[in-house]
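Notes follow once the structure below has been shown.
None of the figures in this text is laboratory data; all of them are computed from the coordinates on show. Just so you know, these numbers come straight off a predicted model, no measurement behind them. Here the Cβ is made from the backbone with ideal geometry for all residues, glycine too, and neighbour counts use every protein chain on show.
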Amino acid sequence: MKIIDLTKVKNVFIFCGKTDMRRQIDGLTATIVEEYDMNVYDDAVFLFCGGRKDRFKALYWEGDGFILLYKRLENGRLKWPRDQQEIKQLTSQQLRWLLEGLSIDQKVTIQPAAEGIVT
């Protein structure tokens, strides 16, 4: 088994809203395939959160089996999007923000300067 760096996975999908955290690999894969018609065997990690926002699960296909990660925060809450029951694709930066307790939709960020423009 290799260690997974979630920021290096090609696709990161977050399931907005609440997920029943009693679900395990089979229940979560059924949600991904049956409700959203997505391929669970792609190079993707799927993120799920329960109602308390202090724990989440990540599901990843490693090539010969699924890895189910479960994390419970001892201090703090995730800024998990709750406004809709949909899936969003995250960038590696948005994933880092989420896992650091920040919103995935930052209102103000520093934008890189356009090429050839010196400020």
Mean shadow area (nm²) of the C-alpha convex hull around the chain is 9.7 nm²
Can you run phi through the Karplus equation (6.51, -1.76, 1.60; θ = phi - 60°) for the range 60-68 and list ³J(HN,Hα) in whole Hz, with x for Gly and Pro?
-> 9, 8, 8, x, 10, x, 8, 10, 10
State the percent of C-alpha pairs, over all pairs in the range 3-46, separated by a distance greater than 13 angstrom.
-> 59 percent
For residue 79, list long-range residues whose amide hydrogen, built 1.01 Å from N in the peptide plane, is under 5 Å from its own amide hydrogen.
-> 101, 102
Selected from 41, 73, 63, residue furthest toward positive end of dipole (the chain; charges at beta carbon) = 73
Loop-located chymotrypsin sites (Phe, Trp or Tyr not before Pro) in the range 1-87 whose Cβ has at most 14 other Cβ within 10 Å (DSSP) | 41
Which links in 8/57; 18/107; 57/79 stretch past 19 Å when you go from one Cα to the other?
-> 18/107
With +1 on each Lys and Arg Cβ and -1 on each Asp and Glu Cβ, how big is the dipole of the chain about its Cα centre, in debye rounded to the nearest 20?
-> 660 debye
Loop-located trypsin sites (Lys or Arg not before Pro) in the range 1-104, at most 16 other Cβ atoms within 10 Å (DSSP) = 2, 10, 18, 22, 52, 53, 77, 79, 82
Tell me, what is the percent relative contact order of the range 1-105, built from C-alpha pairs under 8 Å that lie six or more residues apart?
-> 32 percent
